[in-house]
Each structure stands twice: as structure tokens, then as C-alpha cells.
1. Would you pick out the residues in region 26-46 that are among the small types (Gly, Ala, Ser), in a helix (DSSP H, G or I) and at pLDDT 90 or above?
2. Please report, ordered by residue number, the helices (runs of 4 or more DSSP H) entirely within region 47-107 with at least 2 residues that are surrounded by fewer than 19 Cβ atoms within 10 Å (Cβ to Cβ), modelled with pLDDT of 95 or more and not acidic (Asp, Glu).
3. Count, please, the residues in region 8-27 that happen to be more than 15 Å from Leu46 (Cβ to Cβ) and among the aliphatic types (A, V, I, L, M).
4. Taking only region 42-74 into account, find how many residues are touching a residue at least 24 places away in the same chain (Cβ under 8 Å) and of a type outside the set (A, V, I, L, M, F, W, C).
5. Would you be able to say whether some residue in region 11-25 is loosely packed, with under 14 Cβ neighbours inside 10 Å, in a helix (DSSP H, G or I) and in contact (Cβ under 8 Å) with a residue 24 or more places away in the chain?
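The values are calculated or read from the model by the stated rules, or taken from the named source; none is laboratory data. All of these numbers come straight from a predicted model, not from anything done at the bench. Cβ placement follows ideal geometry from the backbone for every residue including glycine, while neighbour counts extend to all protein chains displayed.
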Amino acid sequence: MDAATAGRADWINAIASLRQTTDASRSESLDKAMSDALSTNPSEVLRLIVDRPALPGIMWLCQDRSIEPTKAASSAHISEATAAVRNVADPTLKVARDQCLARLKRG
């Protein structure tokens, strides 16, 4: 999971593939890794959300998916993810980027 969180596209894609066949407890961990990867490889995460409709959508992944995070940790995650997502320049991801930023803004 650390490789996905670090933004490695191959791992993010592997998690997306696994996510479609896992139970709820494993899905939580996979969703958290994808949410964390927004800070390191937002383009890849947004592309997966757009290209794989079976995955959880923007409203689910564009937030802190940590279980019972502290306010400071959640705030840090939101700030880092927002900065990274804001820099996504791919025009094919503009709608997803803007929706993700709106969701992140809500906390």
C-alpha cells in the first residue's frame, strides 16, 4: 500500500483492480490508499475514477479516508491533496479535478 500512497501508478492501478473484488474491511484500506495517493499522483487517481465507473467515485475518494483521524491529520491530508489536485493540468480530467477540489473543500 505504501507504494500506491507514494504515487506509483502501477500500484494505484493494482489497488483499483483489487478494489472491485474485495470485502468491506479490505476495501477500506484500499480506499484510504487511493485517497492518500491524491497527494502524490492525483492525475492517476482521477483518471481511474473517470475510466472505471465501478470504483468509488469522487465524493468517496476525494476526502480523508482515514479511520478516526485527528483534526490536524485530516486537515493536513486535505491541504496536501488539494494542492496536488489543483495542479492537475490534463484537460480530460478538468471536470473530475474541479469536482474533487469541491469535495476536498467541504472536508
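1. Here is the first cut: in region 26-46, the residues among the small types (Gly, Ala, Ser) are 27, 29, 33, 35, 37, 39, 43.
Retained after the next criterion (residues that are in a helix (DSSP H, G or I)): 27, 29, 33, 35, 37, 43.
Matches in region 26-46: Ser35, Ala37, Ser43.
2. On the way: elements: 58-61, 71-86, 94-106.
Here the list reads 71-86, 94-106.
3. Taking region 8-27 as the starting set, the residues that turn out to be more than 15 Å from Leu46 (Cβ to Cβ) are 8, 10-11, 14, 17-27.
Filter again for among the aliphatic types (A, V, I, L, M), leaving 14, 18, 24.
Number satisfying all stated conditions: 3.
4. So in region 42-74, the residues touching a residue at least 24 places away in the same chain (Cβ under 8 Å) come out as 42-50, 52, 54-56, 58-67, 74.
Next, only the ones that are of a type outside the set (A, V, I, L, M, F, W, C) stay: 42-44, 47, 52, 56, 63-66, 74.
Residues that pass the stated criteria total 11.
5. no
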